[in-house]
Amino acid sequence: QVQLVESGGGSVQAGGSLRLSCVTSELTNGPSNYCMAWFRQAPGKKREGVAALRPRDVTNYANSVKGRFTISHDNAKNTLSLQMNSLEPEDTATYYCAAKFTGFYSAGACPLSPDYTYWGQGTQVTVSS
């Protein structure tokens, strides 16, 4: 079973930045053949998609993070990242990386819906005011 490994969570004050990382080395069929995404879940709320991409393709962001968060994948380092700037208390949540195989030579935008196959263990992000 593919295992995604996350890191980079922590506590920051409003306006600060964090960078989350997810090791994707077990996704062996080529990065562009997967959808990759970040989700988050706050206490009492449903899990929501934050950002998604097909590496080297168009990215997709939730409206709440547009202009503040950037999703990217480093193919050489096998690392999915979420750069989070201008953090707000409302961003406090457990963040999960996710991936799914979409077939060889697949194309198109990746969704923010939770129908992904592989998941990380989650990393906590806390933003204080």
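The values are calculated or read from the model by the stated rules, or taken from the named source; none is laboratory data. Since this is a predicted model, take the numbers as computed values, not measurements. Using ideal geometry, Cβ is built from the backbone for each residue, glycine included, and neighbour counts are taken over all protein chains shown. Calculation scope for accessible area: heavy atoms of the full protein, side chains included, ligands and nucleic acids excluded. Shrake-Rupley method; radii C 1.70, N 1.55, O 1.52, S 1.80 Å.
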Exercise for the section: Name every residue in region 25-53 that is over 16 Å from TYR95 (Cβ atoms), in contact (Cβ under 8 Å) with a residue 24 or more places away in the chain and surrounded by fewer than 22 Cβ atoms within 10 Å (Cβ to Cβ), in order of residue number. Expected result: SER25, GLU26, LEU27, ASN29, GLY30, PRO31, SER32, ASN33
Exercise for the section: Answer yes or no as to whether LEU87 is modelled with pLDDT of 95 or more, touching a strand residue (DSSP E or B) at 6+ places or on another chain (Cβ under 6 Å), under 25 Å from GLN13 (Cβ atoms) and not in a strand (DSSP E or B). Expected result: yes
Exercise for the section: Looking only at region 104-127, decide whether some residue is β-branched (Val, Ile, Thr), touching a Cys at 6+ places or on another chain (Cβ under 8 Å) and assigned to a loop (DSSP other than H, G, I, E, B). Expected result: no
Handout entry: Tally, over region 81-93, of residues that are without any contact (Cβ under 8 Å) to a residue 60 or more places away in the chain and closer than 18 Å to PRO114 by Cβ
Key = 1
Exercise for the section: Filter region 54-73 for residues that are open to solvent by less than 60 Å² (accessible area, probe 1.4 Å), assigned to a loop (DSSP other than H, G, I, E, B) and either closer than 17 Å to TYR118 by Cα or of a type in the set (Val, Ile, Thr) (or both) and give the result. Expected result: ARG54, PRO55
Completion exercise
Taking region 100-129 and keeping residues under 17 Å from TYR61 (Cβ atoms) and either surrounded by 12 or more Cβ atoms within 10 Å (Cβ to Cβ) or within 14 Å of the chain's Cα centre (by Cα) (or both) leaves ALA109, CYS110, PRO111, LEU112, SER113, PRO114, TYR116, VAL125
Fill in the blank from the handout: Selection from region 13-27 of residues part of a loop (DSSP other than H, G, I, E, B) and either under 12 Å from the mean Cα position of the chain (by Cα) or modelled with pLDDT of 95 or more (or both) yields ALA14, GLY15, GLY16, SER17, THR24
Handout entry: Search result, residues across region 76-94 that are open to solvent by less than 60 Å² (accessible area, probe 1.4 Å) and closer than 18 Å to VAL5 by Cα
Key = ASN78, THR79, LEU80, SER81, LEU82, GLN83, ALA93, THR94
